[in-house]
Each structure stands twice: as structure tokens, then as C-alpha cells.
1. How many residues are in contact with a Phe, Trp or Tyr (Cβ under 9 Å, 6 or more places away or on another chain) and more than 7 Å from chain C (Cβ to nearest Cβ) when one looks only at region B:379-398?
2. What number goes with the only condition from (1) under 27 Å from the mean Cα position of the chain (by Cα); (2) β-branched (V, I, T); (3) assigned to a loop (DSSP other than H, G, I, E, B) that B:T79 does not pass?
3. Within region C:73-84, can one find any residue that is under 22 Å from B:L617 (Cβ atoms), more than 14 Å from chain A (Cβ to nearest Cβ) and modelled with pLDDT of 75 or more?
4. Can you tell me which residue among B:F460, B:F455 is part of a helix (DSSP H, G or I) and either touching a Ser or Thr at 6+ places or on another chain (Cβ under 8 Å) or surrounded by fewer than 18 Cβ atoms within 10 Å (Cβ to Cβ) (or both)?
5. Name every residue in region B:469-525 that is touching a Pro at 6+ places or on another chain (Cβ under 8 Å), surrounded by 20 or more Cβ atoms within 10 Å (Cβ to Cβ) and among the small types (G, A, S), in order of residue number.
6. Any idea which of B:T454, B:T434 is over 26 Å from the mean Cα position of the chain (by Cα), closer than 21 Å to B:A514 by Cβ and at pLDDT 85 or above?
7. Among the residues of region B:331-341, is any buried (at least 16 other Cβ atoms within 10 Å of the Cβ), more than 9 Å from chain A (Cβ to nearest Cβ) and at pLDDT below 75?
8. Which residues, counting only those in region B:376-404, are crowded, with 21+ Cβ neighbours inside 10 Å and within 21 Å of A:I12 (Cα to Cα)?
Amino acid sequence: MNWKVLAAGLVISAPLVAILAAGFGRDPKLRSNALEGTQAPMFDLQTLDGKAFSLEGARGQPTVVNFWSTWCQPCKIEHPVLMQAARAYGPLGVNFVAVLYQDETSKARAYLKQSGSHWPTLEDPGGRTAIAYGVAGVPETFFIDADGTIVRKVSGPVSQEVMVSTLEQML
Amino acid sequence: MIPELGRGAVLLGLAACSVGAVTGMWAGKTGREDVWRWTRIAAYVFAAAITVATLLMEYALITHDYSVKYVAEVGSNETPLTFTIVSLWSSLEGSILLWAVVLAVWCAVFAYSMRDKHPDHAPWALGCILTVGVFFTFLVAGIANPFERVPNPLDNGPGPNPLLQNHVLMIIHPPALYLGYVGMSVPFGMACATLLSGRMPTAWARAIRRWMLVPWAALTVGIILGGWWSYEVLGWGGYWAWDPVENASFLPWLTATAFIHSSMVMERKEHLKGWTIALVMASFLLTLLGTFMTRSGVFNSVHSFTQSPIGPVFLGFLAVALLVSVVLLAARVDLLTVPDAKLAGPWSREFAFLGNNLLFSAFTFTVLLGTVYPLLNEVMTDVQISVGEPYFNRMSVPICMGILFLMGVGPALPWGQTEPNVLLRRLGTPIAVTAAIIAGCLAMGIREPMAVMTFALSGFAGVVTLRELVDPGRHRARALGEPLMKALMTTWRVGHRRAGGYIVHFGVIIIAVAIAASSVYRSEAEMTLREGQTKSFMGYDITYTGTERIDEPHRWSRVARFDVLKDGQPLGDAEPRLNHYKKMNQAIGTPTVMTGLDEDLYLSLVQVDPEAKMASLSIVVEPLVWWLWFGGGVMLLGSIIAGWPSNRRRKVA
Amino acid sequence: MIPVLMFSFLVFVQPIWALDDTTDIVEELGSVEMPESPLESPPDPATAAARTERLQTNLRCPVCQGLSVSDSPSDAARAMGDRIEELVLEGYTETQITNYFVDRYGAWVELEPPREDHQTLFWAPVAAVAVGLIGIVVFGARRREGNQEAVHQYTPDPSLAPWRARIMTELDGGP
């Protein structure tokens, strides 16, 4: 048994296996929380009904910005959670606003007529706001506090617990 | 009924290959004929059982038996029949069943072929291959069981991923790839047999190379078909993206190619044995790595199956296989090194082969590093980064230039030591041709360094390869006074391994030229047309003539029609489409590719507005793409010629 | 043995040394627009096209699998490509635009790995090849030395003397 060759082989293979093993439990999808802790990019957009909305105007109150589409299944799963939060926390001063991502406004109107919502949905022409927020998929939800800092970004559907705990924190 | 029958067949197969694995090792150790016979029978039973299981699964798929779990996952009443048959390998569990059946059949073929040959090694080898079979069959019987019974079956299913229903290449690409991947287990088993038995007779070394040739050829075809599929289906006009799973298929191809060359030295000169055996084992280990990457959910890739508990099990098997390989190599180092032998000096073909090994190993290492690096970085620093095309292209271009160069110099070098000026004389004509090509390129205005260098080196290697193919025939014709054609055919028939090898080289050269031309001289544009409007690009006149909606059971499509003229001559109608599948959010486009010998016109539909009568198109013009697929065909032809069983080999009793 | 250890060291340990603190995130990300003004005036069409192409080739489509913005046919990639073109036409430099995206998406949005990783990714394979070459040369030289000695130590076998004498006669003499 040539110990040098054995050792050399193990030195090369063991790290490789270790790296691959360390990859488990990681979500390979590319996400980033780079924006957490920074100032939320301000935007002025129009709602589906043509009214204007400015994030600057919402300063002084916590705001939840949710990017979604009608073709996204997890968004539909998340919708009831958002509805409940809006009902509970809206009166407490939290703004809820949704931004449509890569979708047609006609489809969005039809969906909302069916499922209802308590907050405005904004059109994002050219996807510039989504790009500014580093949106890499839907749904993505940004929790912005009263000073305009992004306290938390959630990629994927927001669960009830995360929604409640983050909102409690912000109030 | 089918869930139970199918699982039963799989369990029978598992039992058979477990028995065979044990008896194979036992027969190898003791040399007992009867135990060897049991091993072979076990292999046949294994193959029969898993084949039955596969046929049962196909039956369930075709008859839409939703009580079978796998059918419930990928079946659908609306999917066309062809794609239903093919959905056997469209999802995780089915693909592992496919792996198992291909492996089982390889075992049976190996057992039959070795029934009266190599009694010292074949039992060990079959035992090892069956051990690999135990792992995969265990997966099919256990964690990845496609035959599980669904308690309350529905009467319809979601259908396979729409991207996998778009094109006919989906039918051949995976089986070819699997034939290659799985086939690497056989030379691996044979290499283990060498190390376990402690002997390496030349006949066995030659046998290992023969059994590597088929998987190698299949893998080559599989990879090229993958590129072709990506080109025809995905809509971006490219054929290789250095995606992690693409790289995973490329890595074993690299080491297998290096092995095929290195084994020539091993056969003739008893040198480079360590390299050769290590390369065989690496090829198999890299296929394990490849299937791990596809199925573990650790890598972000076009090919990823969904995350599943299979990942850790695969990694475990990979770790065990790595350990066994390293231990065996370390234990038998004396077998692999020859103390008094002298590798011929630097101006010899042996040395060129050694250089070739080094270059291919460097290539393998580079691609592996680039693929695994983002994972490494994230584990260490928790920051996600990308290592994408720019890096891989930058690193592979010099290496490929080196390979092209060696393809020219290597065959020109004789075996054994020689003088440098002999070499220069032999390379006289090729160098002259190279210079002429460079001059020609510059004269024609081709100045990009990568393109010029590729064309020049391709000419260099091409001339040498052509000469090596034709010289034996020419010498024979002159010496025997035979007509040239007859002499050529005789030398090619008798020396078919050599001739086939050089034809494969030709294929590689064609592919190199095609890649250089299509990447450097690619032109893109976007245009929006009103109905009836014509716009031009690169000599093509494109007129939008209208749109139509087509409804099919599993999808509805919007087709846009365009009349295309090339340099004033009608080229045909282009009908790129946007397909909307049930349950898929965004439309999946089917591009139209109009192939010519000189270039391809690639039309991808971006948007159609029937009311406004407008259509937006993305256009790519890429030269010499057809030659890529043609080069692949040449490589396949060369491998068939090289691997054809020759009548001269007589069975040694 | 030592060469193997050396290059394993190079490959696997260097990333730790090359560790950087998280990239400087501009605090003032508070706008959809660029946080700073363009460093240059709007470029002419040829430069603009070249810059746009370079950026679109180096920036990754966020919703696709490994494709660059220029390669991907998806809507999200188109939106991003258009935004890049807008910014180029306003006179922003490639560095400014790249940073804009990296700050918001993360380092992975660049297909090229970050500067500090360039060293490992480039030098590790080069080192591997160099080590291999050195190993071959040294190993081959040592073997050749051994063989030279063997050659010099050759002495003719005395028992073969009559045969050698006969051969010499036949070579020198006639039939």
C-alpha cells in the first residue's frame, strides 16, 4: 500500500465531497438580501385605476411592498395571508401596496375582481421599479419602516408568522 | 396490479445483481468456473427483470394508469403518444429506472461477451459492475420508487414539462447520453478488476479500450445532440452555455478521450499505465458526479430535477466509489509503474500523448473548478457569485488551441526518440498550409485572433490527419503496383482502428472551425414588422404575412408567418411560434431555424399583436452551424469504423 | 507528494485569504434612478452600442438559468436589457451601471466572477499544469539518470565469449 498515493488521493477527493455536502440545505436559486438595511428606492407609479401613488408620500408609516403576477402560483398561495394582514394592520397605520411584475393589466384586473384586495396594485412600466428593487422572481415582499429603510425582504410566499412578526416589529 | 408487478420485477433485479456482485468477486478471487457461471446467470436475470419493469412502466404510461405514482406525476391524457413514451425519462424517478435498465443490459452484454474470455479478470469486472447496479437498483426499489401505488388515483395528470415536449430531439438526446454515462461503469469495473487481480496483460488492456469506445461515442453523440436541442428549442440561438449540468456531461467525455489516447501508449509501450487507469476511474467517478449534480438540487441549472432526498445518497455513493478507487490505486502502484522503463524523450509520440493527458486533465480541472467554485464561495463566505460563460470561454480557448496543435504534431511524431529536424521535415507541408491559411484570412479581412488561430491550427491538424489517413494506402499502391483506390480501401479495412481514429479527428477539426466561425461572426438584430411590411438584415428580406392561432389538446399556439428571401431568392416560409401550455405561466417559443451550408438564419418570435397586426422578432445569423452537427456525425462515423469488430481477432481458448 | 499538497493548498485555501468584507453598498440606494449622476456625457451611437452589448453580455438574466441578458429571450431579460440601454444613452459608465445592478441583485448578477476570485480561478489551473509539467520533467530526468547508470554498468557476460568470437569472425571474414 503506497501511503503517499493514498494520502494524495484523499487530499484531492475529500475536499470535493465536503464542498458538495455543504451544498445541501442551500437553496440554489439566486437571491440576495443586499437591500436589507438600506433606503428603499422611492417610486411614483400609477394604480390600475389610474390614480397616482408615491412611496415618498407614505413616509412616516410602515409600508409593505409586494411584487406579484397572475401567472405565479405561490402568489396565489400568499394572497390570503396578505388579505388578513391588510385587514388587521391597515387600520393600525401600515400601508400595503402591490406592484405588478411582467404581466398584463387586463389579467390583473380580472384576477383582483375575483379575489379582491384592500390595497392598490401599481403598474410598473418597463419593469424599472422591479429592477431597482432587485426583483429576481415573484413573489417578493419588502417591509419598509416609517423612516424608509427596508427592514426585511422575503423571497417567495410570506408565511403568516413572518408577516405578523415583521409587522409587529415595525410598529 | 402494475405497481406491485413493477416493484416485484425491480426487487427481483435487485436480488439478482446483489447475488451476482458477490459471486463475481468470489469467482475472481478463487478462479472457480462454476461461480463465474452463476455470476453470468445473475447478470442475465438482472437484465431481464429490469427490462420487464421498464416495459411495465411504459405500458402504464401509454395506458395512462394513474394509479402508478410516476404516471400520476408526468402523465397526461393530452400529451401526444411519442412524448408519452419519452416521458419515461422526463422526470427524476423515471430517469433512474432508465439508468438501471441501461446498466442491466450492459451487464448482460458484458457477461455474454466475456463468457469464454479473460477468466482471470472478467469475473472481477462483472462483480464490480453489478455492485454499481446494486446501488442504482436499490434507489429504484427504495427512495426513488416510481411504482408506488397512488391511493386515490385521478383520471388525468399534469403532463411532462412543456420544454420537454417541444422537439423530436428530446427522444434521442437522453438515451444517447445515458448509454454513454452508464456505459462508463463497464471500463471502470474492468479497471477495478485489473487492480484487484494485480495483473495487466496486454489483451485485457486492449479490452478496456474497446469497452470504452461505445460509451465514449454515445456520450459524444449525446453531448452534440444536447447542443443541437438547445439550439433548436430554447430560442436564444446558442448551443452551449456552460451550464453546470452541461459541464457535468463534458467532464467525463474529456477524461474518456484522454484515456483512449493514453491507452494506446499503454498497449504499445507499457507506459503511462498509472495515467490510463486513473483516467478510466475518473471517467466513471465524473459520471457519478454528473448525475449527482442533476439530481441533488445543489446546483442551479436548466436540467435540475426537483430537490429530493436522493441527493445525499448519491453523494454517499460517490464518496464510497472515490475511496475505493483511491485505495485500489494506492495498493497497486507497482503494477502501474515500470521501474526500468524509459519514456522516450521529448520528440516522441509517447511524449505527445503525455502532454495530451496533461492538457485534457487541465481542461477537466478547469471546468470542474469553474462549476464548483460558486458553491465553494458560498459555503465559505455566504455570498452568491456566478462563474459564467466569459470565464469558461476565456480558459478553454487556449486549451483547445493546444489540443488542435497536438492533433497536428502528435501523429507526425514517430514512436520512440527522434531528432528535432526530422520532425520539422515531416511538418514542412502542414506548416506551409498553416501560413497560407493565415495569409488568406488576413487577405479576406478576417482578423479576429481567435478565429484566425483556430482556422490556422485546424488547417495544420487537418493536413497532418489527411496525410496519415492516405499515406499508408499510397505507399502500398506504389510498393505493390496496386491501383490507389484499392490500396486505400485495403489499408483502411485492415487498419480500421487507426483510420477510424483519424476520421474522428477530422470531425473534431470541423467542429472547431464551426464553433470559431459561429461565435465570432454571429450577428443579431431585433425587428418589429407590420403585416405586409418587409425589413432586411444581412442579406435576408423578411416579410410578415400574418398570424394564426392553433389549438391542440395540450397547448394553444400563436404562429406568425414570414416570407424569407435570401439575396433576392425565396428561401421559404418561417413559422416561429409562441406556445401556451396549460399550467405554464409564460409562453414558450419555438424558433424557426433556416439552415444553410454557409450560415443559419434563426428567427425567434418575441411578441405578436393580432389586433394591431404587428409582430416582433429576434433574428440571429450564425455562420457554419450546420458543420457542427455534421462534424458530430463524422465523429460518430469514425468511432464506428474504429470500433467495428475485426474478423482477424481469434478467440484464444 | 509535495506538489500535490501545494496545489491543493492553492486551490482550496486561497478563497479564505481572498475574503473580502461585503461589497460597499451605497447607502443612498433610495431611488429607482441611479444614485449618482453620469460620469460621462451621452456617447455616440457606436460607443453606446458597444457598451450596451458588453453590459448585456456580462449581466445575468435574473430569472433564467445562467443566461446573459443578451442571450435570454425572456421578458424580464428584455426589460433589463432596455434599462441598460437607457442608462448607457444617458452617459453612465459600464462600472456605474454594473454597480447599480450588483448593489440591488447581488454579486451573482455578473457572469464574470468578482475581482478577488479571478486569481484563484485563473491561477489554480495554470498552477496545476505547471506542477504537472515540472513533475513530468523531474520524474523523467530522474528515471533517465537511473538508466544511464544501468547502461554504464554493463559488462559482457564471459560465458558468451565463444559466440561473440564466432560472430566477429563471420562479420570480418568471408563466407
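1. Residues in region B:379-398 being in contact with a Phe, Trp or Tyr (Cβ under 9 Å, 6 or more places away or on another chain) and more than 7 Å from chain C (Cβ to nearest Cβ): 4 in total.
2. Status for B:T79: all satisfied but (1).
3. no
4. Working: B:F455 fails: either touching a Ser or Thr at 6+ places or on another chain (Cβ under 8 Å) or surrounded by fewer than 18 Cβ atoms within 10 Å (Cβ to Cβ) (or both).
The match here is B:F460.
5. The answer is B:A517, B:S518.
6. Numbers: B:T454 fails: over 26 Å from the mean Cα position of the chain (by Cα).
Sole residue among the options that is over 26 Å from the mean Cα position of the chain (by Cα), closer than 21 Å to B:A514 by Cβ and at pLDDT 85 or above: B:T434.
7. yes
8. Scanning region B:376-404 gives B:L376, B:N377.
The values are calculated or read from the model by the stated rules, or taken from the named source; none is laboratory data. What you see is a predicted model; the values in this text were computed from it and never measured. When we count neighbours, we look across all protein chains shown, and the Cβ atoms used for this are built from the backbone with ideal geometry, even at glycine.
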